[in-house]
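The values are calculated or read from the model by the stated rules, or taken from the named source; none is laboratory data. As the structure is a prediction and not an experimental result, all values here were calculated from the model. Here the Cβ positions follow ideal geometry from the backbone for every residue, glycine too, while neighbour counts run over all protein chains shown. For the accessible areas, the whole protein counts, side chains as well, though only heavy atoms, and no ligand, DNA or RNA atoms are used. Shrake-Rupley method; radii C 1.70, N 1.55, O 1.52, S 1.80 Å.
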2 protein chains.
Amino acid sequence: MNAVPSDLIRDAQALSEEVIRPIPGSRKIFVGGSRDDVRVPMREIAQQRTPTLFGGEDNPPITVYDTSGPYTDPAANIDLAAGLPALRARWIEERNDTEALAGLSSEFGRAREHDPRLSAVRFPGRILPRRARDGANVTQMHYARRGIVTPEMEFVAIRENQRMDAMRDAGLLSQHAGQDFGASIQARITPEFVRDEIARGRAILPNNINHPESEPMIIGRNFLTKINANIGNSAVSSGIAEEVEKLVWAIRWGGDTVMDLSTGKHIHETREWIVRNSPVPIGTVPIYQALEKVDGRAEELTWEIFRDTLIEQAEQGVDYFTIHAGVLLRYVPLTARRVTGIVSRGGSILAKWCLAHHKENFLYTHFEDICDIMKAYDVAFSLGDGLRPGCIADANDAAQFGELETLGELTKIAWKHDVQTMIEGPGHVPMQLIKENMDKQLAECGEAPFYTLGPLTTDIAPGYDHITSAIGAAMIGWFGTAMLCYVTPKEHLGLPDREDVRDGIMAYKIAAHAADLAKGHPGAQIRDNALSKARFEFRWEDQFHLGLDPEKAKAFHDETLPKDAHKLAHFCSMCGPHFCSMKITQDVRDYAAEHGVDETQAIETGMAEKAGEFLAQGAEVYRPE
Amino acid sequence: MNAVPSDLIRDAQALSEEVIRPIPGSRKIFVGGSRDDVRVPMREIAQQRTPTLFGGEDNPPITVYDTSGPYTDPAANIDLAAGLPALRARWIEERNDTEALAGLSSEFGRAREHDPRLSAVRFPGRILPRRARDGANVTQMHYARRGIVTPEMEFVAIRENQRMDAMRDAGLLSQHAGQDFGASIQARITPEFVRDEIARGRAILPNNINHPESEPMIIGRNFLTKINANIGNSAVSSGIAEEVEKLVWAIRWGGDTVMDLSTGKHIHETREWIVRNSPVPIGTVPIYQALEKVDGRAEELTWEIFRDTLIEQAEQGVDYFTIHAGVLLRYVPLTARRVTGIVSRGGSILAKWCLAHHKENFLYTHFEDICDIMKAYDVAFSLGDGLRPGCIADANDAAQFGELETLGELTKIAWKHDVQTMIEGPGHVPMQLIKENMDKQLAECGEAPFYTLGPLTTDIAPGYDHITSAIGAAMIGWFGTAMLCYVTPKEHLGLPDREDVRDGIMAYKIAAHAADLAKGHPGAQIRDNALSKARFEFRWEDQFHLGLDPEKAKAFHDETLPKDAHKLAHFCSMCGPHFCSMKITQDVRDYAAEHGVDETQAIETGMAEKAGEFLAQGAEVYRPE
């Protein structure tokens, strides 16, 4: 290995202003729990008063889920070389079932640690990792099954509720009835409910004991739908600085977890920088790195190399591992007649290994050994769908569903070890076949959280696959998927840049929220209602601030009506100042109110004689303030 | 009115190169019908041979639906000031039921025609309009009900089939079974089926006799799902040149119809330029122009002014009119308690009129008079949903559904006059309430085509409403909507520019195609399969060309891998050259083929002893060509 160019990392010391500036119109707040160190971050969006013309009332601030961590907190002191504060450290220590190790357990980790050529890229401030004491199981599932409500679970309960009680008191909880397809949606999330969901495997709380910087979050069909953003350099692009910046960018816009799919020379060091600076759970696909250790020759992979990689990453703090243990030898030939064969990198690595050795997938044969590692650090399984369809034609075929059945078996084994588990899903699926995926996953995997990529609902739009897949993602989220893995516009074409990451996240925040609305998740409609009221009342700034992307909304508005005065204008560029349907509606409302017109008696009342009066008052509605 | 700045129109004489250059990798073809002058344009996408590594076979060209008209035909001579060739003129004349008028029938049209101040913006080449002879009904529905298959119907049948027989012969018709929710999807579209669908009102073929330049197309749930793009300047922006360019741009990317929603000073002249140069049906909302004629004072609108506007526009060749005849007086107060009241401009204009006069909507009371005009020119109804919900909270309420019931009554009246009719639909609707909209529309309106705006599935993403709505559009298209009205990223914020138009159209082409796949429309999957095969075989250029937007796909690819050589590379930027899942799949395939491994006997065959052989052959898969 050559000496590392020092500029690879120099820039990671500072983040661009765009990725850390506060989000317009809102402030970071913390909601306290039962103990002083349970402080749950949320984002509060202030609202202006309703203009006098529309009634002149106050509008309460709206609380929204905040994944952005300390980066959007003006009070936080960000030092990438120090990493984020270890907010969970005390909780982990208090449980007294882990110990700080004297050194790294993985051979690879130790070799990297002592390689002087890596000093320029190595994260400087790492403390030694922890591991479960001998015989201990340190997973949240293990605690949950023993009836223990951890601070992490309480944190999650507060976070999921999003101050809903205050919203309920403010009369903001009105929304349409949902269709939840058999989910157990709660009116109020309690710590006990969180515990119960984790105990029965219906949700996971991914938080490696070596990632104490993470803010607890939960993935399960009875909680808010989450999204994952992938980052990662590849053999042909990108460096550490860029990846850390992408992480901060991704969580700014709402990434609930981030998968680091980096490959290449400094994969280990890149990951360390990412984990130390991430307030969200980090997932990886360890087989990618294992493959690099055998110079890309899949058939040379061994259980020992893979095991060392798991331990290496577990001790860095990775919160969930994609493990393609369901790619069984007997399923591989089922892909031969597909249009696009095996498109999962992990799936194809394992398929190649299986064929080369004519042996069963070593991830399958060593699955309980893997469980032993997972429970010593509380790493969650993300059971990979190595045989997912790569095109519409291959959707819901024997290979895909065979693997899904195996993932169901493996889920039960993981649960036997109290290891938290979610299941990855497709891929490319036309709309009429999406529900079958969800139903089969729920049935085979005992309601373990489903974590799907898209699915893309057509193959014909390269350059727009964030949209082809947001359609499928919204639907499968509605049907019960717990976390949606984003797809960017560059899918199938190239590596996403920062704008692509934003576009991908926005498409998926939309899909996740549309799913929450459709399921009837309590409080989901609060933000829609507030934004629509702001829109109706021409509170332009509030409309921007309540949106998923205030910066883009304002920029778009300003392209047509750039002046500041227009943010106060009671018209918009669509109809111009001389006619406005919103104003007419206000007239209807005033009229109905003044004349006591009720919904059920509109016609019966004496509207006729009042009509002349309305005309006499001047039926023109546009009155500049 | 002031003199017109001459630069308003000067630029309309020439189109930018970007909007008319041929679409990469494809050529315009014409498929002939039963008579010489039935020549149906389609776009044929050429494909390269499969690389030797993957089998080396030829790949047939793929035919796709082409809305772009002569603009993408290098053989066409485009002269905006002359307009497009009147390809339907002979068919219209042959029917011998219309006559050329001696002059314009509308007062307004005549006034504009003789106003010297408008000469700089007036379309120069207009011939005199036609109208039905006294007592004649010239609608396609009227012909259809008398058993006549018009050349327009035959044109449509050929167009909808997209040379499917050739595709079937080439073995390309394999696809998943659809779920069509009771539609009558045909394996092959015959002219007789087109006639029958129009006769029973389940489809419309919008083609005003004064728009002989249009290429016939059909809107109905048993045909390909269509999309509409809105263009139009407003009081605060844009000119004629820009609108004509937007038209050409919109149909380039797949707009099946275009609505001209222009307002402002030169609305009449802008429309003339648009209609004369449009190969797709043009829709308008005549109440917008009528309102301008009374200087924006809705209460001063009269039937006479409106009637003159209908005739003015019918004689220009507008193919369908949005008519908000379902906004009844008794429904207006039902909107008073909504979060966003009445958001349809047309709806609010009529609501204001109703309240001001305390009279029933004059479009409702004069509905049969309107039918008489429609059938004299074959203008189709697009019965407007003036009370559509403007936010999630207001979805599926009494006002919306009351209006829909009235639109159902009006449909039957229109059909009594053999006037073609479609029904406009919402709006903002959360996913779980979408199907109710579709089912109610089918039931109330006797399967008249539904034409929906979105629906947007959440309100919280200003700046991304092409995506919030593409989700709803794909779903409602699947459920039975015949045409989807696009939404651009600028919705709620400003007026779309050219890039916004493209983004909106792409989102809606995706939604429409996803719907066709889900319904199981015959042949819908051909393009997906071809693109996916090209993707698997690393035929990068073919992948771009088969996509909805070849230019963007190539540009995205080139951002990461700009060199031309990379278009031939058997790898992509995601995994780099040293490992590729596609290549591994090819190994699986080769292995299965070589060793006679069948899907059902994979495990039973002697794969074990072959494993050593595979390794011996060199299990490394990346072999540069």
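With both labels modelled 7 Å from their Cα along Cα-to-Cβ, the residue B:593 to residue B:134 distance reads 7.5 nm. Between copies, the label points at residue B:136 (set 7 angstrom from Cα along Cα-to-Cβ) are spaced 9.3 nm, reported in nanometres from shortest to longest. With coordinates expressed along the principal axes, the C-alpha atoms belonging to region B:331-398 extend over 41, 26, 18 Å, beginning with the largest. Between residue A:405 and residue A:166, the contour length at 0.36 nm per residue exceeds the alpha carbon distance by 81.7 nm.
Given +1 at the Cβ of Lys and Arg, -1 at the Cβ of Asp and Glu and no other charges, the dipole of chain A around its Cα centre is 660 debye to the nearest 20.
Using the average count of surrounding beta-carbon atoms within 10 Å as a protection proxy, the listed peptides B:277-284, A:100-107 rank, highest first, as B:277-284, A:100-107. Counting only other chain Cβ atoms within 10 Å of each residue's Cβ, the peptide B:287-296 averages 2.
Add -39500 (n - 2.57) for each DSSP H run of 4 or more in chain A, then divide by its residues: what number comes out at 222 nm, to the nearest 500 deg cm²/dmol?
-11500 deg cm²/dmol
Got a number for carbon plus sulfur as a percent of region A:7-161's accessible area, 1.4 Å probe? Carbon-and-sulfur percentage of accessible area, whole number: 49. In region B:291-402, taking the dipole from charged Cβ atoms about the Cα centre, the farthest positive-side position among B:374, B:364, B:309 is held by B:364.
How big a patch of accessible area, both sides summed and in Å² to the nearest 100, lies buried between B and A at a 1.4 Å probe?
Adding both sides of the contact gives about 10900 Å².
Summing charges over neighbours of residue B:182, with a neighbour being any other residue whose Cβ is under 11 Å away from its Cβ, gives -1 when K and R count +1 and D and E count -1. Basic side chains Lys and Arg get +1 at the Cβ, acidic Asp and Glu get -1 at the Cβ, and with that the dipole of the protein assembly as shown about its Cα centre reaches some 40 debye. Peptide packing: for B:488-501, B:526-539, the average count of neighbouring Cβ atoms within 10 Å per residue gives the ranking B:526-539, B:488-501, highest mean first. Distance from the C-alpha centroid of region A:443-457 to that of region B:238-271: 44 Å, rounded to the whole angstrom. Applying the Karplus relation 6.51 cos²θ - 1.76 cosθ + 1.60 with θ = phi - 60° to region A:168-182 yields 3J(HN,Hα) values of 5, 4, 7, x, 9, 8, 5, 7, 5, 5, x, 10, 10, 6, x Hz, where x marks Gly and Pro.
By the rule of a C-alpha distance below 13 Å, with chain neighbours fewer than 8 residues away ignored, the aspartates and glutamates paired with residue A:28 are A:44, A:66, A:73.
Shielding value for B:549-557 is 5, the average number of Cβ atoms from other chains within 10 Å of each residue's Cβ. With a ≥ b ≥ c the root eigenvalues of the C-alpha gyration tensor of region A:323-454, is it rounded (a/c under 1.5), prolate (a/b larger than b/c) or oblate? In terms of gyration-tensor shape, oblate.
Can you run the Rg to Rh ratio on the protein assembly as shown? Use alpha carbon positions and the Kirkwood inverse-distance Rh.
Result for the protein assembly as shown is an Rg/Rh of 0.98.
How much net charge surrounds residue A:209 when only other residues with a Cβ under 14 Å from its Cβ are counted (Lys, Arg +1; Asp, Glu -1)?
Value of the local net charge: -2.
For the listed residue pairs A:293/A:509; A:533/B:412; A:490/B:509; A:490/A:552, the alpha carbons are over 28 angstrom apart in A:293/A:509; A:533/B:412. Counting only Cα atoms, the size of region A:105-164 along its three principal axes is 51, 34, 14 Å, in decreasing order. For residue A:551, the point set 7 Å out from Cα toward Cβ sits 2.7 nm from its twins in the other copies, listed from shortest up.
For peptide B:383-390, the mean count of partner chain Cβ atoms within 10 Å of a residue's Cβ comes to 1.
Relative contact order, whole percent, for chain A stands at 15, derived from Cα pairs under 8 Å and 6 or more residues apart.
Between residue B:81 and residue A:110, the simple label model (points 7 Å from Cα in the Cβ direction) yields a spacing of 8.6 nm.
Within chain A, which whole H helices from DSSP have a Cα span along their axis of at least 24 Å and a mean Kyte-Doolittle hydropathy of 1.0 or more, if any? Taking the DSSP H segments of chain A (at least 24 Å long, mean hydropathy at least 1.0), we get none. In chain B, taking the dipole from charged Cβ atoms about the Cα centre, the farthest positive-side position among B:52, B:342, B:515 is held by B:342. For chain A, the residue among A:525, A:205, A:132 whose Cα projects farthest onto the positive side of the dipole built from Cβ charges is A:132. Normalised by 2.2 N^0.38 Å, with N the number of residues, the alpha-carbon radius of gyration of chain B equals 1.03. Between this copy and the others, label points of residue B:81 are 7.0 nm apart in ascending order, each placed 7 angstrom from Cα in the Cβ direction. Here the dipole of region A:520-565 is about 160 debye; that uses its Cα centre as origin and unit charges on the Cβ of Lys and Arg (positive) and Asp and Glu (negative). When the solvent-accessible area of region A:383-447 is split by element, carbon and sulfur atoms take up 52 percent of it, the probe being 1.4 Å. In this structure, residue A:359 and residue A:90 have a Cβ-Cβ separation that, at R0 = 45 Å, corresponds to a calculated FRET efficiency of about 0.50. Among residues other than residue B:325 with Cβ under 15 Å from its Cβ, the summed charge is -4 (Lys and Arg +1, Asp and Glu -1).
The distance between label points at residue A:117 and residue A:413 comes to 3.8 nm (points 7 Å beyond Cα on the Cα→Cβ vector).
In the context of the full set of protein chains, residues of chain B present 31 Å² of accessible surface per residue (probe radius 1.4 Å, heavy atoms only).
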